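What follows is one structure encoded as structure tokens, with my remarks underneath.
The values are calculated or read from the model by the stated rules, or taken from the named source; none is laboratory data. Because the structure is a prediction, the values reported are computed rather than measured. Cβ atoms come from the backbone with ideal geometry, glycine included; neighbour counts cover every protein chain shown.
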Amino acid sequence: MIISPSVLSANFADLKTDIKKIEDGGAGWLHYDVMDGHFVPNISFGYSILSDVRKVTDLFLDVHLMISDPNKYLTDFIKAGADLITFHYEAYDNLDQIKTVIAKIKDQGIKAGLSIKPNTSVEAIRPLLSDLDLVLVMSVEPGFGGQSFMLGAIDKIKTLRNWIDQEKIQCLIEVDGGINEATGSQCKAAGADVLVAGSYIFKHENTQKAIESLK
């Protein structure tokens with residue numbers, strides 16, 4: 001299981017120290033949430049801070065774009081150090097537009113992911129699975145940390161796991177929202193490969209113990 005702590009819950013007054021804690025604690029990735037105040041009702045940070053993060057860590061940078069026009073900013077985030085860019089299915093009107101963005105990401109030499117909100121059927125992205133390196137199942141409404149896990153995500157994970165295994169597709173399943181030891185265990189049992197956790201890890205008194213509890 002890959003653990004991707006969400007930097008959204010880190011202490012930005014001492015970010016370098018918090019990143020070092022998750023490195024030492026055994027995290028494999030660092031999840032970087034980008035919100036524009038339009039696609040989701042919150043604003044976070046852009047590519048310039050990602051560039052600063054890249055300077056202080058060798059962790060795999062897992063960038064999640066919760067923005068209205070991902071295509072406009074792809075190159076900026078890639079130049080800033082992203083290893084994977086995940087954008088939202090709901091940001092575009094049709095599959096051709098989505099495929100164009102996926103291709104643009106891959107053409108620049110990094111991995112491409114696609115995310116779905118809780119109310120989006122997993123069936124909607126089935127035609128795209130073979131093009132993707134990762135599918136991100138949102139288990140809360142995107143926009144704010146600290147929300148409770150929505151159990152409907154479990155069936156989505158199981159369905160994706162079945163499709164990916166049956167069709168022998170090289171695509172990871174990531175889950176984000178309300179992840180803790182209990183919900184993480186449910187996601188793992190359903191077939192998830194990557195767990196994103198924010199407050200559970202960064203607010204835990206023992207970072208390593210929190211990370212290990214999710215593996």
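May I ask you to say which residue of Leu65, Leu50, Leu30 is without any contact (Cβ under 8 Å) to a residue 40 or more places away in the chain and under 26 Å from Arg126 (Cα atoms)?
Leu65 is the lone residue from the list that is without any contact (Cβ under 8 Å) to a residue 40 or more places away in the chain and under 26 Å from Arg126 (Cα atoms).
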Scan the stretch 36-45 and give yes if some residue there is in a helix (DSSP H, G or I), in contact with a helix residue (DSSP H, G or I) (Cβ under 9 Å, 6 or more places away or on another chain), closer than 29 Å to Leu214 by Cα and not hydrophobic (A, V, I, L, M, F, W, C), otherwise no. no
Give the stretch 179-197 a look and list any residue that's buried (at least 23 other Cβ atoms within 10 Å of the Cβ) and within 27 Å of Ala13 (Cα to Cα), or say none. Ile179, Leu195, Val196, Ala197
Considering only the stretch 69-81, I want to know if a residue exists there that is hydroxyl-bearing (Ser, Thr, Tyr), modelled with pLDDT of 95 or more and part of a helix (DSSP H, G or I). yes
Every residue from the stretch 120-147 that is under 24 Å from Asp36 (Cβ atoms) and part of a loop (DSSP other than H, G, I, E, B): Thr120, Leu132, Asp133, Ser139, Val140, Glu141, Pro142, Gly143, Phe144, Gly145, Gly146, Gln147
Is one or more of the residues making up the stretch 109-119 in a helix (DSSP H, G or I), closer than 22 Å to Ile2 by Cβ and out of contact with any His (no Cβ under 7 Å at 6 or more places or on another chain)? no
